[in-house]
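The values are calculated or read from the model by the stated rules, or taken from the named source; none is laboratory data. Just so we're clear, the structure is a prediction, and the values are computed from it rather than from any experiment. Quick reminder, even Gly has a Cβ in these numbers, built from the backbone with ideal geometry, and neighbours come from all protein chains shown. Just the protein is used for accessible areas: all its heavy atoms, side chains included, with ligands, DNA and RNA removed. Shrake-Rupley method; radii C 1.70, N 1.55, O 1.52, S 1.80 Å.
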Amino acid sequence: MNKIYPYINVFLRFIIGGVFIWACHDKIIDPSKFTREISNYHVMPFGLENTVAIILPWLELFIGIGIIAGIYINANALLSGSLLILFNILVFQAMVRGFNIECGCGLKEGQMVGYGKLFENFSLLLACIFVFKTKEHFLYFKKFN
Amino acid sequence: MIKLNKLYAQVVLILFASVFTSLLFNQLRNNSLPFVKTKVEVVSVLKKTSSKNSESSIIGIDLELAKNLFKENTLFVDAREKEFYNEGHIPNAICFDDFDLLLEKLENTIGMDDQFIVYCSDSDCGSSEDLSYELQSYGYTNILLFKGGWKEWTDANLNQSKHE
């Protein structure tokens, strides 16, 4: 294994974790707004928008903290990667159906669904795969991995 | 080599911690969201008691009732994005652009127990319902939800306004 991999790994962990923590901030403060943004995708069966709006931001927060702190790194990378795939499917279906809606990602106010968002998520997904695949870590809790 | 069982256990633990914390936090916050939204029933006629409810309510209304209430100068709130509002809206409807601004406009226009109508694009959009629940959590007790929304209104060739 390349000796630089653990350092790239920790750099990517901070980026992924930072993005997830930043993204969950507004959603935790204002879940009603997040509910409306979920509704705009027109994919959730009636009523479950609330369920997602309540739980998802906290999952993002736990993933963000865990991956930065070096706790359950592989599990957090797996979860974040799975979420990013799901987000891309949702964004893509909205684009195909012609919805010009805010993505509800929580990163930038007014960010709309589009190829830019798909690329952003895909880049983060690649980072998650790298973190998951790297066997040697740096700055982590050995006991919690 | 990654031990799969350990990995799955960690994933489950993270999911469990997230669900538990989110539910707990939601219960403790002032304006907690219902875990699952209940379906709003659409009515054609309002009961007399519903104009000044002691209990908070969200009542769905059909086009005919929306028309009648429009004639009675009942306030409408447009829950769509501002760009759609600008393209066309029910006359005198308030635009929902920013929640704090909307609260300010409502406070200046009506009382907490006064009746007003929220609508969005059509019966499939959820934003009017979400906004209604949010306004309800802020203390508005007499919210009517025009489920057919802008589509039903324009299909019936009723009065429209455009934002200058």
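Peptide A:31-41 shows a mean partner chain C-beta count of 6 within 10 Å per residue C-beta.
Scan segment A:1-68 for chymotrypsin sites (Phe, Trp or Tyr not before Pro) in coil per DSSP, keeping those whose Cβ has at most 15 other Cβ atoms within 10 Å, and list them by number. Passing both the DSSP loop test and the Cβ count: A:F46.
Using the average count of surrounding beta-carbon atoms within 10 Å as a protection proxy, the listed peptides B:19-27, A:49-57 rank, highest first, as A:49-57, B:19-27. Sparse packing (at most 14 other Cβ atoms within 10 Å of the Cβ) combined with a DSSP loop state is found for the following trypsin sites (Lys or Arg not before Pro) in segment A:1-82: A:K3.
Counting protein heavy atoms only, segment A:27-88 has 76 percent of its accessible area on carbon and sulfur, 1.4 angstrom probe. From largest to smallest, the equivalent ellipsoid semi-axes obtained for chain B from the alpha-carbon gyration tensor read 37, 19, 15 Å.
Among B:145-154, A:93-102, B:125-134, B:93-102, sorting by the average number of other beta carbon atoms lying within 10 angstrom of each residue, highest first, gives B:125-134, B:145-154, B:93-102, A:93-102.
For the pair B and A, the buried accessible area comes to roughly 3100 Å² in total, with a 1.4 Å probe and the value rounded to the nearest 100. Partners of B:K67 within straight-line reach, counting lysines whose Cα lies under 28 Å from its Cα and excluding those fewer than 8 residues away in the same chain: B:K37, B:K39, B:K47, B:K48, B:K52, B:K82, B:K105, B:K147, B:K151, B:K162.
Expressed as a whole percent, the proportion of Cα-Cα pairs in the protein assembly as shown lying more than 29 Å apart is 44%. Using the average count of surrounding beta-carbon atoms within 10 Å as a protection proxy, the listed peptides B:107-120, B:62-75 rank, highest first, as B:107-120, B:62-75.
Cα convex hull, segment A:69-145: 88 Å³ per residue, rounded to a whole number. Using a probe radius of 1.4 angstrom, the carbon and sulfur fraction of the accessible surface of segment B:42-155 is 46%.
Summed over the residues of the protein assembly as shown and divided among them, the accessible surface reaches 53 Å² per residue at a probe radius of 1.4 Å. Here, segment A:5-144 has an Rg and a Dmax of 15.3, 48 Å when only alpha carbons are counted. Taking amide H as placed 1.01 Å from N in the peptide plane, B:I94 has its amide H under 5 Å from the amide H of B:F76, B:V77, B:D78, each at least 5 places away in sequence or on another chain.
Averaged over the residues of peptide B:122-133, the number of Cβ atoms from other protein chains lying within 10 Å of each residue's Cβ is 4.
Axis of helix B:4-28 versus longest Cα principal axis of chain B: the two differ by about 40°, to the nearest ten degrees. Estimated from helices alone, the mean residue ellipticity of chain A at 222 nm is -23500 deg cm²/dmol (sum of -39500 (n - 2.57) over DSSP H runs with n ≥ 4, per residue). Adding -39500 (n - 2.57) for every DSSP H run of four residues or longer, then dividing by how many residues chain B holds, sets the calculated 222 nm ellipticity at -13000 deg cm²/dmol. Pairs of Lys residues in segment A:5-144 are counted when their Cα atoms are under 26 angstrom apart and they lie 8 or more places apart or on different chains; the count is 9.
The mean count of C-beta atoms from other chains within 10 Å of the C-beta of residues in A:60-70, rounded to a whole number, is 2.
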